[in-house]
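First up is the structure itself, then whatever we jot down about it.
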Amino acid sequence: MRKKLAGVFLLLTLIVSLTTPLTLQAEEQELAYVSDTESLLDDAEWAELEEKAQSVSEDHTCGIYVVTMYDYSQINEEGAFYAAADIYHSNELGIGEGSDGVLLLLSMEERDYGLYVYGESAQEAFGEYAQTELEDVFLDNFADDDWYGGFLDYITTCDEYLQLAEAGTPVTEPELGPVGAFVTSLIIASVISIIICLLLLLKMRSVKKAAGADRYMTGGIKLSVQNDRYINTTVTRRKIERESSSSSSSSHRSSSGGTGRSGKF
């Protein structure tokens with residue numbers, strides 16, 4: 001009897017030892033890089049993005065993450081950026097000693113997004129200007145509900161920015177240069193000239209254009225017919241440009257030291 005009980009115990013121990021690591025691995029993989037709780041992607045799209053995000057993250061020692069959820073306020077009511085920061089740190093995301101990484105959060109209820117960048121190396125590659133350029137890459141896709149295309153552009157661009165930073169040329173705002181300086185000087189001179197002209201016009205406010213022709217008649221000239229005739233009306237139209245997708249976004253800094261942006265898509 002004792003031998004039978006010992007055999008059953010060893011069998012149960014073996015089963016537990018084989019199944020437990022597989023279960024944990026599956027759970028970790030689900031949140032590791034692409035966590036699509038809103039089912040915006042089909043299985044094939046998710047698998048491709050997960051693999052690409054993992055590859056980019058491991059190549060550059062900087063985690064690239066995507067999270068979709070229904071309402072960011074379930075995590076943090078302050079905003080999508082702060083919800084992204086909470087998700088990042090509560091799940092201990094990031095790679096390397098500095099836990100470097102970038103997390104893109106989509107909150108579908110009100111179409112909000114939060115972009116969170118953490119770690120010294122990550123913030124070197126994704127500075128304030130680079131963040132604005134990065135969000136332009138995916139926001140145009142999300143505006144058309146192209147979730148796969150937006151996430152793919154996001155991951156691909158993160159890969160490019162990290163490569164540039166490693167080469168010592170991170171994405172930064174371009175300098176004006178000689179041509180830019182000349183154009184800027186020309187604009188400033190034009191603005192000053194316009195101001196001077198406006199001041200001169202203000203001094204001539206007492207000079208008014210007469211509504212009728214009789215005000216300009218002098219001497220004893222008499223006209224048999226006196227009338228004013230309407231000729232035409234000049235209408236000037238100005239095209240109102242649509243605001244860019246990033247014009248309504250704003251930058252943030254968390255108490256944990258991370259930076260990023262948030263807005264609508």
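The values are calculated or read from the model by the stated rules, or taken from the named source; none is laboratory data. Worth saying up front: this structure is predicted, and the values here are computed from it rather than measured. Don't worry about glycine lacking a Cβ; one is built from the backbone with ideal geometry, like all the others, and counts go over all protein chains shown. Remember, those area values only see protein heavy atoms, side chains included, never the ligands or the DNA or RNA. Shrake-Rupley method; radii C 1.70, N 1.55, O 1.52, S 1.80 Å.
The condition (being of a type in the set (A, V, I, L, M, F, W, C), at pLDDT 95 or above, assigned to a helix (DSSP H, G or I) and open to solvent by less than 90 Å² (accessible area, probe 1.4 Å)) is satisfied by just one residue among 6, 53: 53. The single residue among 97, 124, 133 that is more than 22 Å from residue 45 (Cα to Cα) and part of a loop (DSSP other than H, G, I, E, B) turns out to be 97.
Within the set 59, 36, 86, 43, the sole residue that is touching a strand residue (DSSP E or B) at 6+ places or on another chain (Cβ under 6 Å) and either at pLDDT 95 or above or under 20 Å from residue 140 (Cα atoms) (or both) turns out to be 36. Within segment 138-170, the set of residues being crowded, with 16+ Cβ neighbours inside 10 Å and hydrophobic (A, V, I, L, M, F, W, C) comprises 138, 139, 142, 147, 151, 152, 155, 158, 162, 165. The residues of segment 56-100 that are among the small types (Gly, Ala, Ser), within 10 Å of residue 33 (Cβ to Cβ) and either open to solvent by 50 Å² or more (accessible area, probe 1.4 Å) or touching a helix residue (DSSP H, G or I) at 6+ places or on another chain (Cβ under 8 Å) (or both) amount to a single one, 63.
Examine segment 105-118 for a residue that is under 16 Å from residue 165 (Cβ atoms), open to solvent by 10 Å² or more (accessible area, probe 1.4 Å) and among the hydroxyl-bearing types (Ser, Thr, Tyr), and state whether such a residue exists. Yes: one or more hits. Taking each residue of segment 247-265 that is without any contact (Cβ under 8 Å) to a residue 24 or more places away in the chain and part of a loop (DSSP other than H, G, I, E, B) and looking for partners that are charged (D, E, K, R) and open to solvent by 50 Å² or more (accessible area, probe 1.4 Å) with beta-carbon atoms closer than 9 Å, six or more apart or interchain, yields 248/264.
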